[in-house]
1. Hey, can you tell me all the residues within the range 179-231 that are of a type in the set (S, T, N, Q) and either more than 19 Å from the chain's Cα centre (by Cα) or within 25 Å of Thr248 (Cβ to Cβ) (or both)?
2. Considering Leu143, Leu165, Leu170, Leu154, which residue is crowded, with 18+ Cβ neighbours inside 10 Å and either of a type outside the set (Gly, Ala, Ser) or at positive phi (or both)?
3. Mind checking which residues of the range 80-102 are in contact with an Asp or Glu (Cβ under 7 Å, 6 or more places away or on another chain) and either part of a helix (DSSP H, G or I) or without any contact (Cβ under 8 Å) to a residue 60 or more places away in the chain (or both)?
4. Name the residues in the range 110-121 that are out of contact with any Asp or Glu (no Cβ under 6 Å at 6 or more places or on another chain) and in a helix (DSSP H, G or I), would you?
5. Name the residues in the range 103-124 that are under 12 Å from Asp32 (Cβ atoms), among the β-branched types (Val, Ile, Thr) and touching a residue at least 40 places away in the same chain (Cβ under 8 Å), would you?
6. Out of all the residues in the range 254-271, which are exposed (fewer than 15 other Cβ atoms within 10 Å of the Cβ) and either touching a Pro at 6+ places or on another chain (Cβ under 7 Å) or over 20 Å from His18 (Cα atoms) (or both)?
7. Could you please give the count of residues in the range 242-272 that are charged (D, E, K, R) and either within 21 Å of the chain's Cα centre (by Cα) or at pLDDT 90 or above (or both)?
8. In the range 124-165, what count of residues is obtained for those that are under 22 Å from Tyr224 (Cβ atoms) and either assigned to a helix (DSSP H, G or I) or within 12 Å of the chain's Cα centre (by Cα) (or both)?
Amino acid sequence: MTDKLKEKFGAAEIISEHRGQWKKIWMLAVNDLIKKYKGAVMGPLWALIKPSFTLFILWFAFSVGIKHSGMVSGYPRFVFMLSGYIPWFFISEEIIGGSRSIRINSQFVTKLSFPVSNIMTFTALSSLIIHAGMCVIMYVVLLCMGYGPSVYNLQIFYYMPMMFLFFLVLSWATAPLSGFSKDFENLINSIMTGLFWLSGIFWDTYDVSNKYLKTLMYFNPINYFINGYRKSFLYETFIFDSNYTTETIVFFAEFILIILVGSHYYKKLRKILPDVL
């Protein structure tokens, strides 16, 4: 990759910084998990236990406590929520964790000669490891409840990597900005509750009756992944089904925009981050 190309495009610079670094990134991702749960007997297993306990509480509430909690789009409420909660756990962790990744790992920026973009990557990768474990738990629960197996389940190998890439690219912008101002990090934390309720975790975004509002839902990329997981495990719907063409086009347009914006901010702020931190 030529120096001229790296100077012109931030994404090209980021790709160049990852060349030959993947073994180191993997080791840092594993170490990040170990560091988070240092001192705990079960270590990183707590990263699975905590969300699993939340899912157990939801199951108990809607299957035992509130026996007449009803159906959502033809599915038991717990099953519907389970397939939305699993991607949300990763998304929320990656939005928050990705935004503060540079600030938390400032030693890599100020004391070492280290490709800064790799910080966001190993942070996202550590979250992905936990997410993969949670997906296994979800799949076993769904199988026990009579959903699957199906060839559509294989679509998870499209949605999971795309989700990882989308929110990794988003952190190219949010992490440097949070490094400059903790107020930006606090802003992200403050909007997470709103994002939760605006995304189709408890409700079906496809059931919105107003066609303009329904189209507006497509501009929330979180919905794309939550609906994608449901297409893979509940709806048994093909990724590029013609009924969802608008949703697909909007998502990829947003993805390209995020790549351009994220790489621009990363390139603009990377060189002056050590002085700020």
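The values are calculated or read from the model by the stated rules, or taken from the named source; none is laboratory data. Just so it is clear, the structure is predicted and the values come from calculations on it, not from any experiment. Quick reminder, even Gly has a Cβ in these numbers, built from the backbone with ideal geometry, and neighbours come from all protein chains shown.
1. Ser181, Ser199, Thr205, Ser209, Asn210, Thr215, Asn220, Asn223, Asn227
2. Leu170
3. Within the range 80-102, Ser99 is the sole residue that qualifies.
4. Once the filter is applied, which keeps residues that are out of contact with any Asp or Glu (no Cβ under 6 Å at 6 or more places or on another chain) and in a helix (DSSP H, G or I), the range 110-121 yields Thr110, Asn118, Ile119, Met120, Thr121.
5. Across the range 103-124, the qualifying residues are Ile119, Thr121, Thr123.
6. Answer for the range 254-271, where residues must be exposed (fewer than 15 other Cβ atoms within 10 Å of the Cβ) and either touching a Pro at 6+ places or on another chain (Cβ under 7 Å) or over 20 Å from His18 (Cα atoms) (or both): just Leu257.
7. 2
8. Matching residues across the range 124-165 total 27.
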